[in-house]
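Asker: Before I ask anything, let me first share the structure, which is written out below as structure tokens.
The values are calculated or read from the model by the stated rules, or taken from the named source; none is laboratory data. Computed from a predicted structure; not experimentally measured. Quick reminder, even Gly has a Cβ in these numbers, built from the backbone with ideal geometry, and neighbours come from all protein chains shown. When the accessible area is computed, the model is the full protein with side chains, heavy atoms only, and any ligands, DNA or RNA have been set aside. Shrake-Rupley method; radii C 1.70, N 1.55, O 1.52, S 1.80 Å.
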Amino acid sequence: MNNTASKLLLIAGLAVASAIAQGPPGGGPPGGGPPGGGAGGPGGGQGDGIWRRNAYYGELQTFDQCVGHQPGNGQYHYHANPLCLRAQLNDNLQLLRTSRDGSNWAEATTNLHHSPILGWALDGYPIYGPYGFSSPTDPASPVRRMASGFRLRNITARTSLPDWSLPNHSGISQTLTASQYGPPISATFPLGRYLEDYEWAAGVGDLDQYNGRFAVTPEFPQGTYAYYVTIDANGVPAFPFILAGQFYGKPGSFANSATVSATDYFNGGTVTPGPSIPELTSWSTKYSGQYAKVVSGFDPSAGASTTWPGTNSLGVTTSGSVTSPALADTQRIRYTDSTVYITANGLAGYNMGPWFSADMTGGVFMNFPSASSTTLQIPRNPAAATTLTSTGGGPQGLWVNGVAVFNFIDGASYSNSAGVDAGGGNTPAPDAAISSAASFEQGPVAPGSLVTASPLYFAVLASSTASAASANWPMALADVSSIAVKDSAGKSSAAQIFYASPTQLNFRIPTGLASGAGTVTITNSAQTITSHINIQPVYPSLFLLNANALAAATLTRVHNGVTTTEQVYTASGSTVTARPIALNGDSVYLTLYGTGIGSATSATATIGGVAASVQYAGPQGTYAGFDQYNIVIPPSLAGAGKVDIVVTAGGKPSNPVNITIQ
């Protein structure tokens, strides 16, 4: 392997630059228990109900790539920016890449248009995506991101409540007594962990304390009050995400059925002409005749399935299951003069999942979605409420695909006497998420493969930054004294470490491990950090060089008997882009790098869907755990443009990476 290829591998595998790694949207901490669990309500589900935990903090790691998940009852929902729904509705997103665990999206930066209606709150007002007219009364004004009016409070102790939250704390004074104080602000209890860590301030953003505003929109040229999904300048969900502490209008409710006099607008795939109003026309019915699909965290490489039973190969039981295919999206729409009734199964029309939780068996979140036919009734003529109602916890409306709208409550709150949060999803301490060092995906890991640990909650993986000095990687690095991997048979083996920092550990899963649920224990001078993994004989992952999944590869060309080596990328500073490959009738060979081939001794490959000859599949030779694939590029692909490459080993397909062929 030449020096350029060595450097390429170091870029892809050893540094694992955060600019390249595009993990689950937002990244962050997991919720180990049932998310959205507990009654929620104005005072929080359990605990003292004063310092209510932020669902986006406590449950983030259990979200899928679409930012959705479900509690034990299987009610799939979003607490924040619903990415896949926005993508379906063309809401200013650009696709970065599609992997085994879903698609990665980035916010568009040019040619912005007003967001579509993404959902409807219980009070009958629409919920738009993040983009609106810069002037609320001028539809000709530029479209821009709607900024939240909330910000983190500038406090050093949790001894008082912010103004906006007071209606959610009936009978509690703004200045708290000592028994009502929240936890000291620290790495364990950082600002942002609780809803009351935020304040709303006039003039800070575009939206009011309910996370909405009165404005003209494409659907309401005369103007309407509307809520907006909020994100920050980097596309990360911004507090309060969707709905804040109170409804602007008087909320409707969920009902088992519509009134007898209701008229059908949509039913069984058929639209009956009715009033041309957004309350009827905005609902997504495109996928109502197709079956919902889930990608399981137990084996994302298997793809999506229309059934997902409550048991799996690791011998654990999950809540929520679909054993017979269930229809997705909105199923029926009815209306009267005063009310619209929406019936849905609560399952999205895109591929849902997979879900992960580092503190659960196999590293997989054990709650799965289930079909639940519910009917939302919303007022056709909403008005500002004279007496405001708390949004509470649980469903706050429906997205246009029939999935439940949740808000920022996860059902847990701080218990002053116990000194911990109580209720809702848990926040295990300390913990780490394990993903492939090549694909950055969570999922199964093969013995001998290279992985990356990322800290969850207040885990600090190492006290300093260090890299292995040679290819003979040590068992200890920086102040990390050991990483022990225990398999399903109870065998514990030490892992080699090749990079350590406070926020990242790169190491190699030991060889000779039994398949099944395993654990990783990281020991440093300050903490013992645990995580759960799923060990499987083979799970190939390919290195990528940028967020668009450009292949970490080199090219060998034979032209008139002369062999030369080329690159498939061009680097400019920290930006890596594809370098178009001209075939020109030559024999052209691609050397692709990965990890996770495990016990497999051969592989197949496709490039742009065309079968390609794999002349070698196995260890790269210099670095333990690095795999190499030598693949012949089919001449028929000349002029194909950007094409995906997938290798399959042991029956398991890899994550797709790509090259560009001119």
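Asker: What ³J(HN,Hα) values, in whole Hz, does the Karplus curve 6.51 cos²θ - 1.76 cosθ + 1.60 give for segment 482-493 when θ = phi - 60°, with x put for Gly and Pro?
Answerer: Residue by residue, segment 482-493 yields 6, 10, 9, 10, 9, 9, 5, 8, x, 7, 10, 10 Hz.
Asker: Among T556, Q246, L513, whose Cα lies farthest out toward the positive end of the dipole of the chain, if unit charges sit on the beta carbon of Lys, Arg (+1) and Asp, Glu (-1)?
Answerer: T556
Asker: Report the accessible area of L191, computed with a 1.4 Å probe over the heavy atoms of all protein chains in place, in Å² rounded to the nearest 10.
Answerer: Accessible area, nearest 10 Å²: 50 Å².
Asker: Near the amide H of Y616, under 5 Å away, which other amide H atoms are found, from residues 5 or more places off or on another chain, if H is placed in the peptide plane?
Answerer: Long-range HN contacts for Y616: N630.
Asker: Considering the dipole of the chain built from charges on the beta carbon (Lys and Arg +1, Asp and Glu -1) around the Cα centre, which of T523, S160, G423 is farthest to its positive end?
Answerer: Toward the positive end, the furthest listed residue is T523.
Asker: Now for a different question. Sequence-distant or interchain residues sharing an amide H contact under 5 Å with S415, placed H: which?
Answerer: D48, V420, D421, A422
Asker: Further, regarding this structure: How do the peptides 174-184, 603-613 rank, highest first, by the average count of neighbouring beta carbon atoms within 10 Å per residue? Each step should come with its number before you reach the end.
Answerer: Numbers: 174-184: 14.0, 603-613: 17.2.
The packing order, highest mean first, is 603-613, 174-184.
Asker: Pairs of alpha-carbon atoms within less than 8 angstrom and 6+ residues apart define the contacts here; what relative contact order does segment 365-437 have, in percent?
Answerer: Numbers: 45 pairs, mean separation 11.5, N = 73.
That works out to 16 percent.
Asker: With +1 assigned to the C-beta of every Lys and Arg and -1 to the C-beta of every Asp and Glu, and no other charges, what is the dipole magnitude of segment 47-168 about the Cα centre in debye, to the nearest 20?
Answerer: On the way: 10 positive and 9 negative charges, 62 e Å.
Roughly 300 debye, rounded to the nearest 20.
Asker: Could you please state how large a percent of the accessible area of segment 589-662 is carbon and sulfur, counting protein chains only and using a 1.4 Å probe?
Answerer: Details: 1460 of 2800 Å².
On segment 589-662, the fraction of accessible area on carbon and sulfur atoms equals 52 percent.
Asker: Whenever you get a sec, compute what percent of the accessible area on segment 48-91 sits on carbon and sulfur atoms (1.4 Å probe).
Answerer: The nonpolar share, carbon plus sulfur, comes to 46 percent.
Asker: What does the accessible area of T530 come to, in Å² to the nearest 10, when a probe of 1.4 Å is used?
Answerer: That residue has around 60 Å² of solvent-accessible surface.
Asker: How high is the relative contact order of segment 534-662, given as a whole-number percent (alpha carbon pairs under 8 Å, six or more residues apart)? Don't skip to the end; give the middle numbers.
Answerer: Details: 321 pairs, mean separation 38.9, N = 129.
Reported relative contact order: 30 percent.
Asker: When you have a sec, figure out the Kirkwood radius of segment 237-303 from all distinct Cα pair distances and drop it here in Å to one decimal?
Answerer: Working: mean 1/r = 0.0599 Å⁻¹.
For segment 237-303, the Kirkwood estimate is 16.7 Å.
Asker: Can you give the accessible area of D232 in Å² (nearest 10), computed on protein heavy atoms with a 1.4 Å probe?
Answerer: 50
Asker: Take the eigenvalues of the Cα gyration tensor for the chain, scale each by 5, and report the square roots as semi-axes in whole Å, largest first. Spell out each step's value before the answer.
Answerer: Details: eigenvalues 377, 183, 106 Å².
Semi-axes, largest first: 43, 30, 23 Å.
Asker: So how compact is segment 93-206: Cα radius of gyration and Dmax in angstrom?
Answerer: Cα-based Rg and Dmax for segment 93-206 come out at 19.2, 53 Å.
Asker: Further question on the same structure: Please list 3J(HN,Hα) in residue order for segment 463-475, calculated via the Karplus relation 6.51 cos²θ - 1.76 cosθ + 1.60 where θ = phi - 60°; whole Hz, with x for glycine and proline.
Answerer: These are the phi-based 3J(HN,Hα) values: 7, 8, 9, 8, 10, 4, 7, 8, 6, 8, 5, x, 8 Hz.
Asker: Treat every Asp and Glu Cβ in segment 50-121 as -1 and every Lys and Arg Cβ as +1, leave all other atoms uncharged, and give the resulting dipole magnitude about the Cα centre to the nearest 20 debye.
Answerer: On the way: 5 positive and 5 negative charges, 22 e Å.
Approximately 100 debye in magnitude.
Asker: Separate question: Averaged per residue, what accessible surface does the chain expose to a 1.4 Å probe, in Å²?
Answerer: With the other protein chains kept in place, the chain gives 36 Å² per residue.
Asker: Along the charge dipole of segment 130-265, pointing to its positive end and built from +1/-1 on Cβ of Lys, Arg, Asp and Glu, which listed residue (G149, T175, N234) has its Cα farthest out?
Answerer: Of G149, T175, N234, it is T175.
Asker: Using bins 5 angstrom wide from zero, how does P(r) for segment 298-355 break down, in % of all Cα pairs?
Answerer: 4, 14, 21, 20, 13, 9, 7, 5, 3, 2, 0
Asker: Taking R0 as 60 Å, what's the FRET efficiency between S313 and V204 from their Cβ-Cβ distance, rounded to 0.05?
Answerer: About 0.75, to the nearest 0.05.
Asker: With +1 assigned to the C-beta of every Lys and Arg and -1 to the C-beta of every Asp and Glu, and no other charges, what is the dipole magnitude of the chain about the Cα centre in debye, to the nearest 20?
Answerer: Details: 26 positive and 32 negative charges, 130 e Å.
Rounded to the nearest 20 debye, it is 620 debye.
Asker: Amide H of Y569 versus every other amide H placed in the peptide plane: which residues, excluding those fewer than 5 positions away on the same chain, fall under 5 Å?
Answerer: Here the answer is R579, since their amide H atoms fall under 5 Å of that of Y569.
Asker: If you don't mind, another one. For n ≥ 4 DSSP H runs only, could you compute -39500 (n - 2.57) per run for the chain, divide by its residues and tell me the 222 nm figure to the nearest 500? Working shown, then result.
Answerer: Details: 4 runs with 21 residues, N = 662.
Computed mean residue ellipticity for the chain: -500 deg cm²/dmol.
Asker: Work out from phi, with θ = phi - 60° and the Karplus expression 6.51 cos²θ - 1.76 cosθ + 1.60, the ³J(HN,Hα) of each residue of segment 302-313, listed in order in whole Hz, and give x for Gly and Pro.
Answerer: With coefficients 6.51, -1.76 and 1.60, one gets 6, x, 7, 10, 7, 10, 8, x, x, 10, 8, 5 Hz.
Asker: Sticking with this structure for a sec: Give the peptides 632-639, 404-411, 81-88, 220-227 in descending order of average Cβ contacts within 10 Å, highest first. Provide the component values of the computation, followed by the final result.
Answerer: On the way: 632-639: 15.6, 404-411: 28.2, 81-88: 24.4, 220-227: 17.5.
Sorting 632-639, 404-411, 81-88, 220-227 by mean packing, highest first, produces 404-411, 81-88, 220-227, 632-639.
Asker: Now for a separate question. Taking all protein chains as present, what is the carbon and sulfur share of the accessible area of segment 395-513, in % to the nearest whole number, probe 1.4 Å? Don't skip to the answer; put the middle values down first.
Answerer: Values: 1730 of 3400 Å².
That share works out to 51 percent.
Asker: So what is the relative contact order for the chain, in percent, with contacts set as C-alpha pairs under 8 Å and at least six apart? Each step should come with its number before you reach the end.
Answerer: Details: 1875 pairs, mean separation 100.6, N = 662.
That works out to 15 percent.
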